[in-house]
Amino acid sequence: FQAAWLKVHHPAEFFAASFTYEASDTDKLAILIEDAKAHELEVLPPCVHESQTRFAVVAEGTIRFGLEAIKGVGAGAADSVVQNRTTRLEAEGKPCPNFPEFLVDCVSGQINRSAMESLIKAGALDRFGRRRLDVLADLASNLAYAQSVAKDRERGQGMLFDLGSQTAP
């Protein structure tokens, strides 16, 4: 009775919780998403700029796909993406502007190449404005660059053009 009451009076929250619970079973998830659409709810695709780790209600009647529900991503990688986004938003007040910088942010976290490929194929990186096939083709070189930049940042080294944004010691 409680589940039926929630589905009638708070359908977006009910379906977001149901999606999260069934995230590992893609067949049940697909059925639930169709049911949500039949109840006139909109399910938005995953996005590294807006998605949370789990499914979340973002507006009245609108649910955003959770990052951990993407096959091949997992909770650790999803948490890392959300944490990196939050850190960048607090520091700069805006989301990551391009894919290479996003990779630099993610290299230090729990995101590996296969998780990144899953994010790309699911469309979570479409906001960067590049075609998925192009991003996948350039992934190896972008990951190598991101790892290099992340190592330099760990050692305290910056790039030549980074000096304009910082005061020199």
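Under a Cβ-only charge scheme (Lys and Arg +1, Asp and Glu -1), can you give me the dipole magnitude of segment 1-120 about the Cα centre, in debye to the nearest 20?
The dipole magnitude comes to about 140 debye.
Tell me, Kirkwood radius of segment 1-153 from alpha-carbon pair distances, in Å?
Evaluated over segment 1-153, this radius sits at 16.3 Å.
Past the 24 Å Cα-Cα mark, which pairs from Lys7/Lys94; Lys28/Lys71; Lys7/Lys37; Lys37/Lys71?
Exceeds cut-off: Lys7/Lys94.
With axes computed from alpha carbons, what is the tilt in degrees of helix 139-155 against the longest principal axis of the chain, rounded to the nearest 10 within 0 to 90?
60
Apply the Karplus curve 6.51 cos²θ - 1.76 cosθ + 1.60, θ = phi - 60°, to the phi angles in segment 94-102 and return the couplings in whole Hz, x for Gly and Pro.
Once θ is set to phi - 60°, the couplings for segment 94-102 become 8, x, 4, x, 8, 5, x, 5, 4 Hz.
Any chance you could check the Cα centroid distance between segment 70-116 and segment 21-54 for me, in angstrom?
21
Quickly work out the Glu92-to-Arg130 label distance, labels modelled 7 Å from Cα along the C-beta direction, and quote it in nm with one decimal.
The answer from the label model is 1.5 nm.
From the phi of every residue in segment 41-47, what ³J(HN,Hα) in whole Hz does the Karplus formula 6.51 cos²θ - 1.76 cosθ + 1.60 yield, where θ is phi - 60° and glycine or proline is x?
Whole-Hz 3J(HN,Hα) from phi for segment 41-47: 9, 9, 10, 7, x, x, 8.
Rounded to the nearest 0.05, what FRET efficiency do Asp27 and Leu6 have when you use their Cβ-Cβ distance and R0 = 22 Å?
0.45
Taking the solvent-accessible surface of protein heavy atoms with a 1.4 Å probe, what is the per residue accessible area of segment 1-136 in Å²?
Value for segment 1-136: 56 Å² per residue.
Once amide H atoms are built 1.01 Å from N in the peptide plane, which residues 5 or more positions from Thr62, or in another chain, come under 5 Å H to H?
Placed amide hydrogens put Glu42 under 5 Å from Thr62.
Could you tell me what percent of the accessible area of segment 1-133 is made up of carbon and sulfur, with a 1.4 Å probe and every protein chain present?
53
What residue among Ala144, Ala77, Ala122 shows peak mean-square fluctuation when the chain is described by a Gaussian network model with Cα springs under 10 Å?
Of Ala144, Ala77, Ala122, the Gaussian network model singles out Ala144 as fluctuating most.
The values are calculated or read from the model by the stated rules, or taken from the named source; none is laboratory data. As the structure is a prediction and not an experimental result, all values here were calculated from the model. Note that we place each Cβ from the backbone using ideal geometry, even for glycine, and neighbour counts take in every protein chain shown. These area figures cover heavy atoms from the full protein model, side chains too; ligands, DNA and RNA do not enter into them. Shrake-Rupley method; radii C 1.70, N 1.55, O 1.52, S 1.80 Å.
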